[in-house]
Every structure is written in structure tokens, then in C-alpha cells.
Amino acid sequence: MTTTPQDLLSADLQMGTVMLKVGDMKLMSNYYQKALGLDIVVEADGGQYLGRGTTPLVHLQPAGGLHIPGRGEAGLFHTALLFDDQASLAATVASAAQYDPKLFAGSADHLVSEAFYFTDPEGNGIELYWDRPRTEWNWTNGTVEMDSLALPPQHYLTQHLTEKSVTGQRDAAAGVGHVHLQVGDVQTAEKFYVDTLGFERTAGWHGQALFVSAGGYHHHMAMNVWNSRGAGPRKDTLGLGEVLIKLPGQDDVGALGERLAHHGIAVANTGSEILFDDPWRNRIRVSVESAPAAAHS
């Protein structure tokens with residue numbers, strides 16, 4: 001199936017807050033504040049919204065009766081926090097590494113970006129990254145060139161960490177740049193996220209991963225089967241609660257709701273936002289952009 005231009009998501013789409021169901025609120029809140037330099041933006045419904053300035057990035061919601069999901073289950077691969085410059089990225093990489101070196105999971109130069117990976121205390125993946133200017137991205141027939149080249153962390157910190165970025169860490173803007181999911185198979189993911197939802201496919205990875213975006217970004221969302229090939233619908237576990245996608249206008253949200261209904265996707269419509277599940281019961285919330293804009297390339 002080919003997605004027609006009118007079925008595409010708005011080029012002004014932004015990723016919003018990622019909600020995590022957590023077992024130990026004190027431990028998790030401490031990690032996101034001290035390791036990642038986030039502040040509590042607001043407390044609501046027993047949970048906490050943490051972010052930079054007035055922009056919430058992660059919503060921690062207590063769910064003490066649930067279990068941590070197994071490695072091979074569908075759900076969150078990582079939440080990716082995007083920084084405006086390399087010095088700001090380096091400051092948070094440094095604080096995350098100092099908080100607990102065992103939670104560092106790797107780093108890579110992806111050509112379009114520079115990325116560092118961590119795992120929070122309950123096993124949720126986190127990417128901290130900076131985008132190279134779009135003028136430096138290479139596209140061929142609608143596919144953006146990405147790779148995973150060596151990016152030595154210590155050398156990066158030596159090169160980019162400054163006293164100003166350390167002392168001003170919490171004042172530096174950050175946003176949710178993209179969200180990467182674990183799914184059961186890439187073909188079903190493409191049918192849902194591209195053909196139905198209206199993202200554009202920007203890259204793949206040997207049939208094991210799919211990258212999608214709106215408006216020519218390298219990717220707003222990704223799905224892979226590296227740990228989860230063949231996974232079925234999720235159980236109610238700790239980890240991913242929902243992913244928020246923000247569209248510029250009510251008409252955009254309404255059109256998406258109609259498109260999902262046309263494809264037989266169950267949609268809860270509150271009037272100002274819609275909620276629905278992907279084929280693996282990853283919950284997606286789509287609302288009108290009304291909060292301050294997150295950092296974006």
C-alpha cells in the first residue's frame with residue numbers, strides 16, 4: 001500500500017512526553033533528576049513529570065504491583081532525548097556516567113547524530129543525542145544514510161565538556177527527539193506506522209529495524225526486533241505506559257482519528273486528543289501541540 005500525501009502526518013509533528021510505569025518512584029525519580037539533570041515540572045495523579053524548564057520529557061507513574069517485562073517482550077527500546085549542542089549533550093552524558101557507570105550501554109556516531117546509550121534502574125533504555133545539521137544528512141531515494149560508527153565517550157567528553165555546560169546543565173533545553181520500540185515483526189510495524197498512521201519510511205536495517213518520520217527528520221520513531229522477534233501483544237508490565245505525539249492543529253488530530261477508524265483501529269477520542277494501541281499494545285496518545293515546544297533539529 002502506498003501512503004498518499006493527504007494521509008501523511010504533519011511535517012510539524014513533534015514527539016512529546018514518554019510515560020513510564022515504575023515500581024520504585026524514589027529510585028527512578030532520583031535517577032532522572034541526578035543522572036539526567038531533569039527537574040520535576042509538575043506532580044499529578046500520584047506521578048511526576050520531569051523535564052527541562054517547562055517542557056516535560058518523561059512522566060513517571062507509580063505502578064508498584066507490576067513486574068519488569070522480559071527482555072524479549074514488545075515495548076520500549078529507548079526514549080531518545082535530543083540536545084541543542086554537543087556541550088549540553090556532554091554535560092548530561094557525564095552526569096549519567098558518574099551516577100552509575102554500570103548503566104552506560106554504549107555510544108555511536110550515526111552520521112546524522114551522535115548518541116550515547118544508558119539504561120535506567122528499571123531497565124528502560126535511554127538515548128542522549130545531538131543532531132548534525134540537516135545540510136550534512138545524505139538522502140538517496142527517500143532513505144537517509146545512517147550508520148553505527150565508533151564514538152569513544154572519554155574522547156567526546158574531553159573534546160566537548162565545558163565548565164559552562166556543567167554548571168548550566170539544567171538550564172539547557174532538551175526534548176524527546178524520537179522514541180524507539182521493540183516489536184514482533186518489522187512488516188507489521190511498517191503497515192501500521194507508515195501505511196495507517198502516516199509516517200514516512202526513512203530507513204531500514206536488514207529487515208530487523210524500521211525508521212520513520214514526518215517532515216524529513218531522520219526518525220521520530222523506530223521499531224526493531226533485535227530482542228523481540230515474534231513477540232505478541234504486551235502484558236501490563238512496568239516500562240512503557242504511553243508515547244505522546246503532538247500535532248499542530250485539531251484538524252490534524254481529527255483526520256488521523258478518521259484514518260485510524262477507517263483502518264479498523266479502535267480509537268478513544270476525547271475531543272482534544274485520541275488514544276489507540278499499535279499491534280503490540282504500545283499505547284499512543286496524539287494531541288494538539290499546546291505546551292512549549294521541545295528542542296528539535
Collect the residues in region 241-269 that are of a type in the set (Gly, Ala, Ser), farther than 30 Å from HIS67 by Cβ and within 22 Å of the chain's Cα centre (by Cα), keeping them in residue-number order. GLY249, GLY257
Collect the residues in region 234-271 that are acidic (Asp, Glu) and either in contact with an Asp or Glu (Cβ under 6 Å, 6 or more places away or on another chain) or part of a helix (DSSP H, G or I) (or both), keeping them in residue-number order. ASP251, ASP252, GLU258
Pairs only if they're at least six apart or on different chains, beta carbon under 7 angstrom, first in region 252-275 and at pLDDT 95 or above, second exposed (fewer than 13 other Cβ atoms within 10 Å of the Cβ); list them, first residue then second. ILE274/ALA268; LEU275/ALA268
Qualifying positions in region 88-134 - in a helix (DSSP H, G or I) and not polar (S, T, N, Q): LEU89, ALA90, ALA91, VAL93, ALA94, ALA96, ALA97, TYR99, PRO101, LYS102, LEU103, ARG134
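Of ALA63, ALA90, ALA105, which residue is closer than 28 Å to PHE211 by Cα, among the hydrophobic types (A, V, I, L, M, F, W, C), at pLDDT 95 or above and surrounded by 16 or more Cβ atoms within 10 Å (Cβ to Cβ)?
Exactly one of ALA63, ALA90, ALA105 is closer than 28 Å to PHE211 by Cα, among the hydrophobic types (A, V, I, L, M, F, W, C), at pLDDT 95 or above and surrounded by 16 or more Cβ atoms within 10 Å (Cβ to Cβ), namely ALA90.
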Could you give me the residue pairs with C-beta distances under 8 Å whose first residue belongs to region 220-237 and is within 21 Å of TYR129 (Cβ to Cβ) and of a type in the set (S, T, N, Q), whose second residue is part of a loop (DSSP other than H, G, I, E, B) and modelled with pLDDT of 95 or more wherever it lies, and which are 6+ apart or on separate chains? ASN224/VAL183; ASN224/GLN208; ASN227/GLY72
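If you scan region 140-157, which residues turn out to be surrounded by fewer than 18 Cβ atoms within 10 Å (Cβ to Cβ) and either touching a helix residue (DSSP H, G or I) at 6+ places or on another chain (Cβ under 9 Å) or touching a residue at least 12 places away in the same chain (Cβ under 8 Å) (or both)?
The first filter runs over region 140-157 and keeps only residues surrounded by fewer than 18 Cβ atoms within 10 Å (Cβ to Cβ), leaving 140-143, 145, 147-155, 157.
Those that are surrounded by fewer than 18 Cβ atoms within 10 Å (Cβ to Cβ) and either touching a helix residue (DSSP H, G or I) at 6+ places or on another chain (Cβ under 9 Å) or touching a residue at least 12 places away in the same chain (Cβ under 8 Å) (or both): GLY142, THR143, GLU145, ASP147, SER148, LEU149, ALA150, LEU151, PRO152, PRO153, LEU157.
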Single residue of ALA105, ALA80, ALA90 found to be of a type outside the set (Lys, Arg) and touching a Gly at 6+ places or on another chain (Cβ under 6 Å): ALA80
Is region 152-168 home to any residue that is charged (D, E, K, R) and in a strand (DSSP E or B)? no
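Quick grid of which residues meet (1) closer than 20 Å to GLY177 by Cα; (2) in contact with a Phe, Trp or Tyr (Cβ under 7 Å, 6 or more places away or on another chain):
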position: HIS110; (1), (2): yes, no
position: GLU127; (1), (2): yes, yes
position: GLU136; (1), (2): yes, no
position: THR140; (1), (2): no, no
position: VAL144; (1), (2): yes, yes
position: ASP147; (1), (2): yes, no
position: PRO152; (1), (2): no, no
Among ASP12, ASP24, ASP100, ASP7, the single one that is touching a residue at least 60 places away in the same chain (Cβ under 8 Å), of a type in the set (Asp, Glu) and under 22 Å from ARG134 (Cβ atoms) is ASP12
May I ask you to verify whether SER228 is closer than 28 Å to GLY51 by Cα, of a type in the set (S, T, N, Q) and not in a helix (DSSP H, G or I)? no
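The values are calculated or read from the model by the stated rules, or taken from the named source; none is laboratory data. Just so you know, these numbers come straight off a predicted model, no measurement behind them. FYI the Cβ positions are ideal-geometry reconstructions off the backbone, even for glycines, and counts take in every protein chain you see.
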